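Notes follow the structure.
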Amino acid sequence: MDLNTLWFILIAVLFTGFFLLEGFDYGVGILLPFVGRSDKERRVVINTIGPVWDGNEVWLLTAGGAMFAAFPHWYATLFSGFYLALFFVLLALIVRGVAFEFRSKDERKSWRLLWDTCLFIGSLLPALLFGVAFGNIVRGVAINESMTYIGTFWDLLNPYALLTGVVTLTVFILHGALFLELKTEGAIRERVARIARMMWPIVAVVVVAWVAYSAVETDMFQNLGIVKLLALGVAVAGVVIFAYGNLTRRYGRAFLGTSIAIAGTVATMFATLFPRVMPSSLGEAFDLTIYNASSSDYTLQVMTVVALTLVPIVLGYQAWSYWVFRKRLTTESKLEY
């Protein structure tokens, strides 16, 4: 395995971790107005992700930084071509972060309602737009010989990309509902359990439609090598585990199932891309690959040493923080937000 392939895999792992962890994070933010009937209940909901939400976003920041350093042409084409969409994502993430910090600064009902609304919007937009972005990447966009995106913003809002956005949005809501079921007690837990039972048929219909559309619109189910088959198998296994957990109302297993399904799906999308990083809809000759979009070998060598040193520390710290804040919360718990 060369360093180009290694860094493609590492970036895939980082995005997988981001979708897995930030997925339930966004889902909780979207569900906030629907499961929290009083201020205290909404504080319980927010406190379930309060200690971990910023750590979850580190996966995205690290993935973006790794992309910039390892594959600068990929980074440049992606961020210039998807500039407006990513600007809205960034704006939503800023508003979301401010909402966490500002909500508890004033006890007025109107003040807290304002920031609860910002948290809802700041969770909903990224959950939708990240799916749209990845849908476009897998489908292919208009990239010319100079590695420049020559399409428009409206070209990115094609039916396949929008459907992919709906998939991420609905799956994250279900993922977040299952997480809340594991982290809360009483009335909140009962509400999110009902939402989970209501959401899974919707998610099933949307995902089946997306899989069928992917078979037509992309090469996701073509050239099925061992890696892609393994990733697809993981995604299917996750769906089976979720279905079993949901039917038996063992929501811990259901949450494990959605986690595995998300990880398998993201892995499948990256396996579909490889060795490309951004396919061009204008022809294979204009595809960005792990070779024509990469940095020098020396840069990749230095990055590998740094990653092998620091990534285990970051993973250990995040695992420790989840362990510390593992208990369920109730309206009687000490609430910070």
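Taking Cα atoms only, the orientation of helix 53-70 departs from the longest principal axis of the chain by about 10 degrees.
Computed over protein heavy atoms with a 1.4 angstrom probe, the accessible surface ordering of 328, 37, 96, largest first, is 37, 328, 96. Within the full protein context, the accessible area of residue 297 is estimated at about 100 Å² for a probe radius of 1.4 Å. From helices alone, the chain scores -26500 deg cm²/dmol at 222 nm; the rule is -39500 (n - 2.57) for each run of n ≥ 4 DSSP H residues, then divide by the residue total.
Ligands, DNA and RNA left out, the accessible area of the chain computed with a 1.4 Å probe is 70% carbon and sulfur.
Kirkwood radius for the chain, taken over all pairs of different Cα atoms as the inverse mean of 1/r, rounds to 20.7 Å.
With a Förster radius of 51 Å applied to the beta-carbon distance between residue 162 and residue 321, the computed FRET efficiency rounds to 0.90. With a 1.4 Å probe rolled over the protein heavy atoms of all chains, the accessible area of 202, 46 falls in the order 202, 46, largest first. Taking amide H as placed 1.01 Å from N in the peptide plane, the amide H of residue 329 sits under 5 Å from that of 184, 185, each at least 5 places away or on another chain. Within the assembled protein chains, the solvent-accessible surface assigned to residue 128 is about 50 Å², based on a 1.4 Å probe. Computed from backbone phi with θ = phi - 60° and the Karplus coefficients 6.51, -1.76 and 1.60, the 3J(HN,Hα) list for the stretch 304-317 is 5, 4, 5, 5, 5, 7, 9, 4, x, 5, 5, 4, x, 5 Hz; x is used for glycine and proline. Given the stretch 1-95, what whole percent of its Cα pairs are spread farther than 21 Å? Looking at the stretch 1-95, the distances longer than 21 Å represent 45 percent of pairs. Spherically averaged projected area of the convex hull of Cα atoms, the stretch 41-118: 6.0 nm².
Quarter the surface of the alpha carbon convex hull of the stretch 59-200 and you get the mean projected area, 10.8 square nanometres. When 291, 160 are compared by accessible area at a 1.4 angstrom probe, the order from most to least is 291, 160.
Summed over the residues of the chain and divided among them, the accessible surface reaches 47 Å² per residue at a probe radius of 1.4 Å.
Rounded to the nearest 10 degrees, the angle from helix 159-183 to the longest Cα principal axis of the chain is 40 degrees. Taking Cβ atoms as reference points and 15 Å as the exclusive limit, the residues near residue 11 contribute a net charge of 0, counting Lys and Arg as +1 and Asp and Glu as -1.
Computed from Cα atoms, the angle from the helix 3-35 axis to the main principal axis of the chain rounds to 30 degrees. Rolling a 1.4 Å probe over the protein heavy atoms leaves residue 242 with an accessible area of roughly 30 Å². By the Kirkwood approach, averaging reciprocal distances over each pair of separate Cα atoms, the stretch 167-286 gets a hydrodynamic radius of 15.4 Å.
When a/c reaches 1.5 or more, the comparison of a/b and b/c decides; with that in mind, is the stretch 206-251 rounded, prolate or oblate per its Cα gyration tensor? Since a/c reaches 1.5 but b/c is at least a/b, the shape of the stretch 206-251 is classed as oblate.
The values are calculated or read from the model by the stated rules, or taken from the named source; none is laboratory data. Everything quoted here is computed from the prediction, not taken from an experiment. Neighbour counts are summed over all protein chains in view; Cβ atoms, including those assigned to glycine, are modelled from backbone coordinates with ideal geometry. Please note that ligands, DNA and RNA were not included when accessible areas were found on the heavy atoms of the full protein model with its side chains. Shrake-Rupley method; radii C 1.70, N 1.55, O 1.52, S 1.80 Å.
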